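Take a look at the structure set out below.
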Amino acid sequence: MATAPKLHAVILAGGAGERFWPASRQAHPKPFLRVDGEESLIQTTVRRARRFAGRNCVWVVCGREHAREIRKQTGLPSDRIIVEPRRRNTAMAIAFSTQRIAASFPDAVLAVLSADHLIPDERAFAEAIRKAARAAREAGVLVTLGVQPSRPEPGYGYIQVGRPVGRGHPGLRSVRRFVEKPDLTTAKRYLKSGDYLWNAGIFVWTAQTLLGEVEGLAPALHAALVPLEGVKRPGAAKLRAAYDAAPSEPIDIAIMERSSRVWTLPVKFRWSDVGTWESLALELGVKTGTTVVVDGDLAHDDRGGNLVWSSSTGKNHRTVALLGVEGLAVIDTGDALLVARLDQSPEVRNIVKALKADDREDLT
């Protein structure tokens with residue numbers, strides 16, 4: 001009996017995490033933060049990946065400025081850190097890393113993960129990835145994990161599910177369409193209908209299937225990758241030229257929304273992209289009357305319902321006291337203080353935009 005191809009994990013760690021300012025910065029982005037324990041988000045992601053990925057089959061895609069810290073935090077060998085010369089969104093990051101892995105492992109099955117998600121039930125997650133990998137390998141499809149919604153969340157993309165794909169792959173469904181972030185009223189309707197899942201941005205496919213879809217559906221992206229075909233370690237100049245030529249598109253738009261070979265695996269485990277202070281607060285249990293302190297010293301809070309992160313140290317260390325307020329994120333990093341309503345925290349990226357406009361690169 002033939003041995004099944006190894007399952008590889010590709011972890012994307014190139015995001016800016018601007019909605020997590022001021023804790024997330026260009027030099028120390030969200031994957032490096034510790035938000036729920038002693039490990040950083042990327043350390044937790046690597047540990048989770050090792051539950052299903054083969055030996056030496058965990059890869060991280062990142063920018064050059066973060067490669068050293070990623071090696072330090074994860075312990076991965078340098079040849080498992082795929083360094084991008086510039087940001088070009090997820091389609092190029094995924095397609096290039098897939099092509100790079102396929103040069104050494106042409107039959108590889110890949111699970112593409114984000115470096116900054118929270119998934120407490122690691123066993124259930126690994127089981128779902130293995131189930132999706134079997135479908136991807138046997139049916140030649142692109143599988144995306146769809147999370148059963150627990151609330152009407154306008155901050156997430158959604159997947160409208162279609163029919164079951166058949167007895168050979170129980171639990172998997174066809175995909176009718178992908179929907180970008182809806183308004184709250186629409187999100188409530190999606191939740192009530194039961195036909196929609198959160199789009200977790202977690203994908204499973206064989207290298208050959210994904211690269212075939214890139215060639216057929218994203219010709220500009222394919223053309224940029226052609227000079228790198230079969231090259232295990234491309235030179236810096238050749239790689240820069242490929243990235244300069246590649247379109248800057250998310251994988252959802254470049255491939256997933258165009259492909260007729262997409263299935264989804266509905267899952268019920270807890271998942272959060274911790275994309276905002278509000279989503280972190282919900283994940284950590286902030287509610288009416290209950291405040292959660294991620295870090296620091298909270299001396300007083302007479303109402304509760306707040307999220308406090310006071311990680312400043314040394315002479316700038318401050319004790320936090322709250323009086324008569326609730327529903328706030330209070331984030332103190334020593335050189336910057338954010339006080340925001342939790343339900344307005346998605347707008348934090350506008351602060352980062354304003355800081356960049358004012359050339360305040362020291363704070364971004």
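As an exercise, use a Förster radius of 45 Å and the Cβ-Cβ distance of T290 and R167 to find the FRET efficiency, rounded to the nearest 0.05. Intermediate results must be reported in sequence, preceding the final value.
Working: r = 46 Å, r/R0 = 1.02.
E(calc), rounded to 0.05, equals 0.45.
With the cut-off at under 15 Å, measuring from each backbone N in region 92-120 to a point 7 Å along the Cα-to-Cβ line of N56 picks out 101-106.
Choose one of L284, F105, L338: the residue whose Cα lies farthest towards the positive end of the charge dipole of the chain (beta-carbon charges +1 Lys, Arg; -1 Asp, Glu; about the Cα centre). Going by the charge dipole, the pick is F105. In the chain, the DSSP beta bridges split such that about 45 percent are antiparallel, to the nearest 5. Once the Cα-Cα distance is subtracted from the 0.36 nm per residue extended length, the K356 to A241 segment shows a gain of 38.7 nm.
Under 8 Å for C-alpha pairs, at least 6 residues apart: give me the relative contact order for region 277-363, rounded to a whole percent.
Values: 153 pairs, mean separation 20.1, N = 87.
Computed over region 277-363, the figure is 23 percent.
If the label point is 7 Å along Cα→Cβ of H28, which residues in region 277-308 have backbone nitrogen under 19 Å from it? Within reach of a label on H28, which here means backbone N under 19 Å from a point 7 Å along Cα→Cβ, region 277-308 contributes 277, 293-298, 308.
Cβ-Cβ distance of R130 and S104, R₀ of 30 Å, FRET efficiency by 1/(1 + (r/R0)^6): the value works out to about 0.85. Taking packing as the residue-averaged number of other Cβ atoms within 10 angstrom, the listed peptides 290-301, 323-334 run from highest to lowest as 323-334, 290-301.
By how many nm would the segment from V339 to R87 grow when fully extended, if each residue of separation counts as 0.36 nm and the alpha-carbon distance is taken off? Please list the in-between numbers first.
On the way: separation 252, 0.36 × 252 = 90.72 nm, distance 3.00 nm.
Value of the extension gain: 87.7 nm.
Cross-link pairs exceeding 22 Å in C-alpha to C-alpha distance, out of K192/K268; K131/K268; K6/K232; K72/K131, comprise K72/K131. The packing ranking, built from the mean of other Cβ atoms within 10 Å per residue, places the peptides 338-351, 131-144, 96-109, 221-234 in the order 131-144, 96-109, 338-351, 221-234, highest first.
Residues in region 150-156 carry Karplus couplings, in order, of 10, 7, x, 10, x, x, 10 Hz; the curve used is 6.51 cos²θ - 1.76 cosθ + 1.60 with θ = phi - 60°, and Gly or Pro positions show x. Distance between the modelled labels on R176 and D121, one decimal in nanometres: 2.5 nm (7 Å Cα→Cβ projection).
Pairwise Cα distances in region 277-363 exceed 22 Å for 28 percent of all pairs. The C-alpha radius of gyration of region 22-82, expressed as a fraction of 2.2 N^0.38 Å, stands at 1.11.
Here the spin labels are modelled as points 7 Å beyond Cα on the Cα-Cβ line, and at E38 and D79 they lie 3.2 nm apart. Averaging Cα coordinates gives a centre for region 227-258 and one for region 69-103; these two points are 12 Å apart. For the chain, the relative contact order is 19 percent, taking Cα pairs closer than 8 Å that sit 6 or more residues apart in sequence and dividing their mean separation by the residue count. For region 138-256, taking Cα atoms only, Rg and Dmax work out to 17.6, 52 Å respectively. Which entry is the computed percent of Cα pairs over 34 Å apart for this structure: (1) 18; (2) 28; (3) 41? Entry (2). Each residue, R47 and A299, gets one label point 7 Å from its Cα in the Cβ direction; the gap between the two is 3.4 nm.
Could you size up the charge dipole of region 277-363 around its Cα centre, putting +1 on the beta carbon of Lys and Arg and -1 on that of Asp and Glu, and report it in debye to the nearest 20?
On the way: 9 positive and 15 negative charges, 14 e Å.
The calculation lands at about 60 debye.
How much net charge surrounds V286 when only other residues with a Cβ under 13 Å from its Cβ are counted (Lys, Arg +1; Asp, Glu -1)? Once all neighbours under 13 Å are counted, the net charge is -3.
Just so you know, all these numbers are worked out from the coordinates, no wet-lab data involved. All of these numbers come straight from a predicted model, not from anything done at the bench. Don't worry about glycine lacking a Cβ; one is built from the backbone with ideal geometry, like all the others, and counts go over all protein chains shown.
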